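Data first, discussion second: the structure below is written as structure tokens.
FYI, it's all coordinate maths here, none of it is from the lab. Just so it is clear, the structure is predicted and the values come from calculations on it, not from any experiment. As a convention, Cβ positions derive from the backbone with ideal geometry for all residues, glycine included, and neighbour counts pool all protein chains shown.
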Amino acid sequence: MDFRSDTVTKPTLAMRQAMVDAAVGDDVYDDDPSVHALQNKMAELLGKEAALFVPSGTFSNQLAIMAHTRRGDEIIVLEDAHIFYHEAGAPALLSGVNMRQATSVGGSYDLETLPGLFREDDIHFPRTSLLCLENAHGNGRVVPLENMKGAYTIAKQKGAAVHLDGARIFNAAVYLGVEAREIAQYADSVSVCLSKGLAAPIGSVLFGTREFIEKARRYRKIMGGGMRQVGILAACGLVGLEEVLPRLEEDHRLARYMALGLDEIDGLEIAWDRLNINMVFFSLEEKIDLASALEERGIIINPEEDGEYRFVTHIGVGKEDVDRLLVAMKEILQ
């Protein structure tokens with residue numbers, strides 16, 4: 001049983017069959033029919049003009065930054081954003097841009113202080129060219145649409161583009177009870193991960209205007225992301241949209257069930273305010289090597305990070321698996 005992330009899922013039987021049956025071409029020549037089908041379907045779902053299939057979420061985010069900025073520019077990110085915290089300093093390395101950190105208010109921007117983070121037109125300052133959003137946020141929270149709208153409006157007033165790291169945008173849509181396009185409308189470009197929640201083995205999709213995507217296609221080639229008969233992988237994404245997307249709420253419900261069970265264990269504190277999607281965050285009063293103790297019982301988790309543990313539900317675990325996890329946690333902690 002693996003509760004590390006929703007990226008650990010295995011392709012479904014339908015995905016494996018779709019890989020066998022997929023019509024393919026050469027995506028560098030832009031003639032892979034399965035890739036076209038995936039890009040068109042997802043662009044329609046998100047209300048964007050065009051889309052581009054890429055290897056990973058980090059690749060997609062960095063591709064967007066490269067396409068939106070010039071070397072020497074500055075981008076604004078939250079201090080706990082995935083782009084800043086978990087992408088290895090890639091904006092500086094790949095795009096040559098500074099990252100200006102904004103204080104995170106539970107994964108949202110403080111709309112009162114945000115305008116002051118955009119640089120004035122002065123030769124001493126870098127040009128602020130991009131504001132980065134994230135929804136759902138990696139801390140387990142879903143950002144309210146009003147906050148996204150406010151941040152987007154401020155960025156447009158300041159002449160900056162907006163990119164949304166929407167790796168788990170469909171989880172956010174489930175929580176908010178809206179279509180994904182209602183979230184995506186507050187960004188010029190959006191990155192969506194197929195291997196988080198949707199159970200596809202590989203891939204993300206970047207969205208934007210046709211002009212933006214054509215620019216991104218060139219940079220994808222430069223970054224080594226031009227793949228060939230990748231329709232084999234795109235076919236899994238199409239199955240994920242049809243087969244896995246409709247059941248995302250089950251992962252959310254299972255996470256809440258898990259949180260209630262964990263809450264019965266002494267010495268454990270649940271982060272209830274961040275239980276919006278398929279993640280349960282908690283801390284322990286006593287320092288122990290929980291990851292090793294659970295691994296001995298056949299359960300895989302990530303080690304503690306910044307004083308917290310995170311358990312993630314997904315299509316690869318069910319209620320019985322969560323019950324086994326709860327029994328193991330009680331044995332270890334009590």
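Of all strands (runs of 3 or more DSSP E) completely enclosed by segment 179-276, which ones contain at least 1 residues that are polar (S, T, N, Q) and surrounded by 24 or more Cβ atoms within 10 Å (Cβ to Cβ)?
Answer list for segment 179-276: 189-193, 204-208.
Rundown of residues vs (1) without any contact (Cβ under 8 Å) to a residue 40 or more places away in the chain; (2) surrounded by 18 or more Cβ atoms within 10 Å (Cβ to Cβ); (3) touching a strand residue (DSSP E or B) at 6+ places or on another chain (Cβ under 9 Å), yes/no style:
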| site | (1), (2), (3) |
| --- | --- |
| A88 | yes, no, no |
| L93 | yes, no, no |
| G106 | no, no, no |
| Y109 | no, yes, yes |
| T128 | no, yes, yes |
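Can we say Y29 is of a type in the set (F, W, Y) and in contact (Cβ under 8 Å) with a residue 40 or more places away in the chain?
no
Anything in segment 125-141 that is small (G, A, S) and closer than 26 Å to A67 by Cβ? List them, or say none. Don't jump to the end; show me each part of the working.
First pass over segment 125-141, keeping only residues small (G, A, S): 129, 136, 138, 140.
If the condition is that a residue be small (G, A, S) and closer than 26 Å to A67 by Cβ, then S129, A136, G138 are the ones that fit.
So, in segment 164-185, how many residues would count as being farther than 18 Å from E44 by Cβ and not polar (S, T, N, Q)? Show your work before the answer.
At the first step, the residues of segment 164-185 found to be farther than 18 Å from E44 by Cβ are 165, 167-168, 171-172, 174-177.
Narrowing further to those that are not polar (S, T, N, Q): 165, 167-168, 172, 174-177.
Adding up the residues that qualify gives 8.
S283 is checked against (1) touching a Ser or Thr at 6+ places or on another chain (Cβ under 7 Å); (2) exposed (fewer than 15 other Cβ atoms within 10 Å of the Cβ) and fails just one. What number does that condition carry?
(1) is the only condition that S283 fails.
Identify all residues within segment 293-334 that are free of Cβ contacts under 8 Å to residues at least 40 places away in the same chain, outside any strand (DSSP E or B), closer than 26 Å to S195 by Cα and not acidic (D, E); write none if there are none.
Of everything in segment 293-334, those that are free of Cβ contacts under 8 Å to residues at least 40 places away in the same chain, outside any strand (DSSP E or B), closer than 26 Å to S195 by Cα and not acidic (D, E) turn out to be L294, P303.
Which of (1) in contact (Cβ under 8 Å) with a residue 40 or more places away in the chain; (2) more than 12 Å from N135 (Cα to Cα) is the odd one out, the single condition V178 does not satisfy?
(1)
How many residues are within 22 Å of T69 (Cβ to Cβ) and either in contact (Cβ under 8 Å) with a residue 40 or more places away in the chain or outside any loop (DSSP other than H, G, I, E, B) (or both) when one looks only at segment 111-124?
The number of residues fulfilling the criteria is 6.
Among the residues of segment 1-31 satisfying the criterion of being of a type in the set (V, I, T) and in a loop (DSSP other than H, G, I, E, B), which is surrounded by the most Cβ atoms within 10 Å (Cβ to Cβ)?
Step one: filter segment 1-31 for residues of a type in the set (V, I, T), giving 7-9, 12, 20, 24, 28.
So of that shortlist, the ones also in a loop (DSSP other than H, G, I, E, B) come out as 7-9, 12, 24.
Details: T7: 18, V8: 15, T9: 22, T12: 18, V24: 19.
The qualifying residue surrounded by the most Cβ atoms within 10 Å (Cβ to Cβ) is T9.
Which ones in segment 130-151 are in a helix (DSSP H, G or I) and either surrounded by fewer than 19 Cβ atoms within 10 Å (Cβ to Cβ) or without any contact (Cβ under 8 Å) to a residue 12 or more places away in the chain (or both)?
L145, E146, K149, G150
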